[in-house]
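Okay, so here's the structure we're looking at.
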Amino acid sequence: MEDEQMQGIYKAGLLIAVSLVLLYAFQGYYPDFMYFFSNAFPPVIAGAAVVVSGLSLERYWRKAKGRFSAFWLYFTAGLFLWFIGEAVWAGYTLILSEELPYPSAADAFWIAGYLPFFIALFLYVKLFGDVLNKKTLAFSMAATLTLTIFVVV
């Protein structure tokens, strides 16, 4: 039963991916639609990610002493903040028809989303800390910090 469900999910994902490739490949033929789609679709995807993450959170939260519950809580919170940022962006461009200022409220939500993501990453790495040696862990944290500084600055 689960294998059939997963196959259905894989087929739906493949259909969506192919559709998006075709949509963007021929975007020159319908620029007005692409303006709408490019601003409306990211909040839909971010919302779907929040829902899926929330379902995982609910699954692990039932086992309150489960080791993954805190990880999923912070990960879902980060996704939710990013979803709000995407929704604010779409609201500015599609509803208010305004050029998005920089910095904007959307930027505040996106940046705020990094904090729960890094807490989730820390908790996830901590779960498997017994398997990782200190050198690998230090390298991973240094690489994460470097990439964060590179992306944010």
Going through the range 24-43 in order, the residues found to be under 27 Å from PHE80 (Cα atoms) and of a type in the set (A, V, I, L, M) are MET34, ALA40
Note on the range 73-117: residues hydroxyl-bearing (Ser, Thr, Tyr) and closer than 17 Å to VAL50 by Cα are TYR74, THR76, TYR114
Evaluation of TYR124 against (1) assigned to a helix (DSSP H, G or I); (2) more than 17 Å from LEU79 (Cβ to Cβ); (3) at pLDDT below 85 (one fails), failing number: (2)
Please go through the range 99-115 and pick out each residue that is at pLDDT below 90, farther than 19 Å from MET34 by Cβ and not polar (S, T, N, Q). PRO101, TYR102, PRO103, ALA105, ALA106
Do the conditions hold for ALA108, that is, is it outside any loop (DSSP other than H, G, I, E, B) and touching a Leu at 6+ places or on another chain (Cβ under 6 Å)? no
Scan of the range 103-121 for residues that are among the hydroxyl-bearing types (Ser, Thr, Tyr) and within 14 Å of LEU73 (Cα to Cα), ordered by number: TYR114
Considering the range 46-78 alone, what residues qualify as being free of Cβ contacts under 8 Å to residues at least 12 places away in the same chain and either outside any helix (DSSP H, G or I) or closer than 22 Å to TYR114 by Cβ (or both)? ALA48, VAL51, VAL52, ARG62, LYS63, ALA64, LYS65, GLY66
Test: residue in the range 122-141 that is of a type in the set (Asp, Glu) and surrounded by 14 or more Cβ atoms within 10 Å (Cβ to Cβ): no
For the range 1-39, give me the residue count where each residue is in contact (Cβ under 8 Å) with a residue 12 or more places away in the chain and in contact with a helix residue (DSSP H, G or I) (Cβ under 6 Å, 6 or more places away or on another chain). 1
Would you pick out the residues in the range 80-121 that are over 14 Å from the mean Cα position of the chain (by Cα), surrounded by 15 or more Cβ atoms within 10 Å (Cβ to Cβ) and not small (Gly, Ala, Ser)? VAL88, TRP89, TYR92, THR93, LEU100, ASP107, ILE119
Only one of PHE37, PHE80, PHE118 is modelled with pLDDT of 85 or more, under 20 Å from LEU20 (Cβ atoms) and not β-branched (Val, Ile, Thr). Can you tell me which? PHE37
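The values are calculated or read from the model by the stated rules, or taken from the named source; none is laboratory data. Here the structure is a predicted model, which means the values were calculated and not measured. Every residue, glycine among them, receives a Cβ derived from its backbone with ideal geometry; neighbour counts consider all protein chains shown.
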